[in-house]
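The values are calculated or read from the model by the stated rules, or taken from the named source; none is laboratory data. What you are looking at is a predicted structure, and each value in this text was computed from that prediction instead of being measured. In this analysis, Cβ positions are derived from the backbone assuming ideal geometry, glycine residues included, and neighbour counts consider all displayed protein chains.
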Amino acid sequence: MEVTLRQLTIGLGAQEYAMLQEIGASEHGFTNEVSGMSYAEYRAWLTQQDDWSRGESMPESWIPQTTYFLYVNDEPVGIARIRHTSSEALEAQGVGNFGYGIARPYRGKGYGHLLFREVLKKCRQLGYTKIKSFVHIGNAASNRIFQQNGARHIGVFHDEKNIYETDV
């Protein structure tokens, strides 16, 4: 099995678009803006996300973020976003600097673990020392993934999200 993590580019196409349609607009706290978008809107979203990865054309006070896709045997199965930093303002809303989603047909097959590990490798390459994530308490699969991959449970946000910190 060949596993790769690739950064979003404006050249992505129908394969990634179709995968993103298999992740709800807001599942367990992960926001997928592409859910329900037309293909033309998706193409504009790619440009926006590419700009945001460089800190360009962003709303004021937003933090740059980079989007990655997990591919297994050259087929996209999931998406992850890494904010370049965290902030008190984001954390006060229950938002960290790492989040991910796995497309419905690929859930329960260990791809969440693979994505988590690949993101940690990428974070090491980028010089991160820690990542912080807020995971819905009811999302048993993601909570297991964080716990089994070395994340420390450091608190609970408003009785609805577990807060994890992971050394990179």
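Computed values, structure above
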quantity: In the stretch 102-160, residue surrounded by the fewest Cβ atoms within 10 Å (Cβ to Cβ) [restricted to those that are of a type in the set (S, T, N, Q) and assigned to a helix (DSSP H, G or I)]; calculated: GLN125
quantity: Subset of the stretch 45-75 [over 17 Å from GLY13 (Cα atoms) and either crowded, with 18+ Cβ neighbours inside 10 Å or not charged (D, E, K, R) (or both)]; calculated: TRP52, SER53, GLY55, SER57, MET58, PRO59, SER61, TRP62, ILE63, PRO64, GLN65, THR66
quantity: Pick from the stretch 84-99, criterion assigned to a loop (DSSP other than H, G, I, E, B) and of a type in the set (A, V, I, L, M, F, W, C), ranking: nearest to ARG54 (Cα to Cα); calculated: VAL95
quantity: Cross-chain or 6+ apart pairs with Cβ under 7 Å, the stretch 39-64 first and small (Gly, Ala, Ser), then assigned to a loop (DSSP other than H, G, I, E, B) and surrounded by fewer than 18 Cβ atoms within 10 Å (Cβ to Cβ); calculated: SER53/PRO64; GLY55/PRO64
quantity: All positions within the stretch 72-83 that are over 14 Å from the mean Cα position of the chain (by Cα) and in a strand (DSSP E or B); calculated: VAL72, GLU75
quantity: VAL77 being under 22 Å from ASN97 (Cα atoms) and free of Cβ contacts under 8 Å to residues at least 40 places away in the same chain; calculated: no
quantity: Single condition TYR42 does not satisfy, out of (1) farther than 26 Å from ILE137 by Cβ; (2) under 13 Å from the mean Cα position of the chain (by Cα); calculated: (2)
quantity: Scope the stretch 3-38; condition assigned to a helix (DSSP H, G or I), surrounded by fewer than 17 Cβ atoms within 10 Å (Cβ to Cβ) and without any contact (Cβ under 8 Å) to a residue 60 or more places away in the chain; matching residues; calculated: ALA14, ALA18
quantity: Top-ranked residue of the stretch 17-32 - restricted to ones that are out of contact with any Phe, Trp or Tyr (no Cβ under 6 Å at 6 or more places or on another chain) and within 14 Å of GLN49 (Cβ to Cβ), ranked as modelled with the highest pLDDT; calculated: LEU20
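Rundown of residues vs (1) part of a strand (DSSP E or B); (2) at pLDDT below 95; (3) among the aromatic types (Phe, Trp, Tyr); (4) on the phi > 0 side of the Ramachandran plot, yes/no style:
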site	(1), (2), (3), (4)
TYR42	no, no, yes, no
TRP45	no, no, yes, no
GLN48	no, no, no, no
GLU60	no, yes, no, no
